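Structure first, then comments.
The values are calculated or read from the model by the stated rules, or taken from the named source; none is laboratory data. None of the values given here were measured: they were computed from a predicted structure. All Cβ positions, even for glycine, are placed from backbone atoms using ideal geometry, and neighbour counts span all protein chains on display. Note: accessible area is taken over every heavy atom of the protein model, side chains too, but ligands, DNA and RNA are not part of it. Shrake-Rupley method; radii C 1.70, N 1.55, O 1.52, S 1.80 Å.
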Amino acid sequence: MVGVVCGMERCVGRVLRRIFLYPGIAAFAARQTMRRCRCSSSGEDKEESNQVTSMLKHLIFKVKSTGPITVAEYMREVLTNPVKLLGIWIVSEWMAAGKPEVFQLVELGPGRGSLMDDILRVFHQFRSMMGKCDISVHLVEVSPKLSELQAIKLTGKKIPSEPDGSPVYKKGTTVTGLPVFWYYHLQDIPQGKCFYLAHEFFDALPIHKFQKTKHGWMEILVDIDTEVPDKLRFVLAPTTTLSAKAFIQSGETRDHVEVSPAAGVIIQELARRIENSGGAALITDYGHDGQKTDTLRGFCGHKLHDVLIAPGTADLTADVDFSFLRRMSEGKVASLGPITQQEFLKNMGIDIRLKILVDNSKDPATCQQLLSSYDMLTNPGKMGLRFKFFAMLPHIRLSAIDQEITSKKSKSLQLPVAGFSKIVFQ
């Protein structure tokens with residue numbers, strides 16, 4: 001048994017090195033190699049069945065929560081569910097970090113817990129390689145209601161709150177046997193090597209809006225409409241505010257800028273922790289690299305909604321300015337991106353996965369739906385350019401790659417960063 005496990009680890013290690021030297025084959029190669037390395041048994045069939053059940057449960061939970069979904073949304077879930085993307089990304093960075101035996105998996109704003117549930121299933125699939133690791137799950141969540149849903153999703157039951165005064169306000173054990181803790185603040189999570197995820201988290205943080213005028217930068221404020229007393233309106237501050245002086249760069253060329261101080265504080269904390277303890281952070285969100293201006297918008301019932309009408313009835317969001325996040329890291333860490341969803345998905349193997357699904361489908365309608373979903377996700381005119389991926393890593397993570405490439409030690413290359421490396425054929 002030891003020989004089988006060691007052989008499998010070597011095999012998976014080889015394929016992951018190959019995957020991320022040629023990252024476009026990630027999804028397909030990992031799965032195929034795992035199958036080849038495992039001894040054929042009824043356990044393998046059970047594993048495949050569990051994967052299908054996991055996806056089905058995820059979709060049923062989604063439909064029960066938000067109502068029926070479109071065919072396009074269904075195809076997007078099947079084609080690019082995070083179990084094949086973010087989970088593999090974390091495994092790759094864990095390997096690049098030297099396979100630490102102890103680490104913490106942290107998610108900011110875990111929503112209903114579906115993403116973390118998928119990632120833990122990926123870890124379970126790699127249990128022969130990661131099984132001896134001391135892994136703990138840490139969730140930063142301020143909503144009591146969402147923390148209840150997360151607890152049920154991850155542990156299978158409701159979890160009572162801890163006594164007041166403790167930085168951990170809830171704790172339990174996941175269905176896969178890992179300890180899980182809930183916090184209100186990132187800084188309350190114990191120090192140590194962590195892998196951080198923030199999926200559609202930063203776009204919901206409050207922003208300040210500034211407008212360039214002939215008198216300088218003025219902050220945009222919300223005031224009562226003098227003509228309609230029960231209506232709100234945007235107005236310019238009468239003078240330059242301290243926040244404008246603090247957040248606007250001297251060489252700023254835009255005439256309208258949005259800044260999230262809360263995002264800056266969180267990025268500074270992430271950068272400090274990664275600099276001191278290692279690990280990595282992956283941020284995925286709608287955003288730009290310092291080019292956009294007015295992006296604040298409201299959504300009610302999945303439709304655009306005036307942000308100042310019926311406050312409290314719509315979700316408010318603003319595109320993430322990744323150039324601001326990079327600046328707030330203060331050079332403590334290396335950053336990659338932002339890159340587009342199109343580039344990240346292609347690097348992570350969506351083209352190969354699409355080919356497999358199409359080749360295995362005998363229904364022309366299903367094939368067309370797959371191709372339409374792929375087009376929606378990767379087409380620059382649709383979702384391909386809007387959603388972005390951004391990574392924060394220790395400086396040594398990238399310098400090690402550069403040194404090994406320079407010295408041409410091709411047989412022992414450090415793993416390039418998954419999803420952010422272009423496909424290279426040699």
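Checking the range 174-188 against the condition returns no match, with no residue being out of contact with any Leu (no Cβ under 7 Å at 6 or more places or on another chain), aromatic (Phe, Trp, Tyr) and free of Cβ contacts under 8 Å to residues at least 24 places away in the same chain.
Looking across Thr240, Thr213, Thr226, one residue alone is among the hydroxyl-bearing types (Ser, Thr, Tyr), free of Cβ contacts under 8 Å to residues at least 12 places away in the same chain and farther than 30 Å from Leu393 by Cβ. It is Thr226.
Give the number of residues within the range 386-406 that are open to solvent by 60 Å² or more (accessible area, probe 1.4 Å) and modelled with pLDDT under 90.
Of all residues in the range 386-406, those open to solvent by 60 Å² or more (accessible area, probe 1.4 Å) come to 386, 395-396, 402-403, 405-406.
The next check asks that each one be modelled with pLDDT under 90; those that pass are 386, 402-403, 405-406.
Qualifying residue count for the region: 5.
Against the definition (touching a Phe, Trp or Tyr at 6+ places or on another chain (Cβ under 7 Å), farther than 30 Å from Gly98 by Cα, open to solvent by less than 60 Å² (accessible area, probe 1.4 Å) and modelled with pLDDT of 95 or more), how does Phe210 come out, yes or no? When the stated conditions are applied, Phe210 passes them.
Filtering the range 287-304 to residues that are open to solvent by 50 Å² or more (accessible area, probe 1.4 Å), of a type outside the set (D, E, K, R) and either assigned to a strand (DSSP E or B) or closer than 29 Å to Ile90 by Cβ (or both) leaves Phe299, Cys300, Leu304. Scanning the range 246-296 for residues that are under 19 Å from the mean Cα position of the chain (by Cα) and among the β-branched types (Val, Ile, Thr) yields Val265, Ile266, Ile267, Ile274, Ile283, Thr284. Cys300 meets the conditions (1) modelled with pLDDT under 95; (2) closer than 25 Å to Arg397 by Cβ; (3) hydrophobic (A, V, I, L, M, F, W, C) in every case but one. The failed one is (2). Regarding Thr340, is this residue among the polar types (S, T, N, Q), surrounded by fewer than 18 Cβ atoms within 10 Å (Cβ to Cβ) and not assigned by the TED database to the domain that holds Lys212? When the stated conditions are applied, Thr340 does not pass them. Do the conditions hold for Lys388, that is, is it within 20 Å of the chain's Cα centre (by Cα), charged (D, E, K, R), closer than 29 Å to Asp203 by Cα and not in a helix (DSSP H, G or I)? In short, yes. Being open to solvent by less than 50 Å² (accessible area, probe 1.4 Å) and either among the β-branched types (Val, Ile, Thr) or at pLDDT below 95 (or both) is a property that does not hold for Leu325. Could you check how many residues of the range 138-190 are of a type in the set (D, E, K, R), surrounded by 14 or more Cβ atoms within 10 Å (Cβ to Cβ) and either assigned to a helix (DSSP H, G or I) or in the same structural domain as Leu59 (by the TED database) (or both)? The number of residues fulfilling the criteria is 3. In the range 213-243, the residue that is most open to solvent (accessible area, probe 1.4 Å) out of those that are closer than 19 Å to Pro261 by Cα and small (Gly, Ala, Ser) is Ser243. Of all residues in the range 239-265, those being among the small types (Gly, Ala, Ser), out of contact with any strand residue (DSSP E or B) (no Cβ under 7 Å at 6 or more places or on another chain) and at pLDDT below 95 number 3. One residue stands out among those in the range 309-322 that are open to solvent by less than 30 Å² (accessible area, probe 1.4 Å) and in contact with a Lys or Arg (Cβ under 8 Å, 6 or more places away or on another chain): the one that is nearest to Ile339 (Cα to Cα), which is Phe322. Considering only the range 127-135, I want to know if a residue exists there that is hydrophobic (A, V, I, L, M, F, W, C), open to solvent by less than 50 Å² (accessible area, probe 1.4 Å) and in contact with an Asp or Glu (Cβ under 9 Å, 6 or more places away or on another chain). Scanning the range 127-135, I find at least one residue that is hydrophobic (A, V, I, L, M, F, W, C), open to solvent by less than 50 Å² (accessible area, probe 1.4 Å) and in contact with an Asp or Glu (Cβ under 9 Å, 6 or more places away or on another chain), so the answer is yes.
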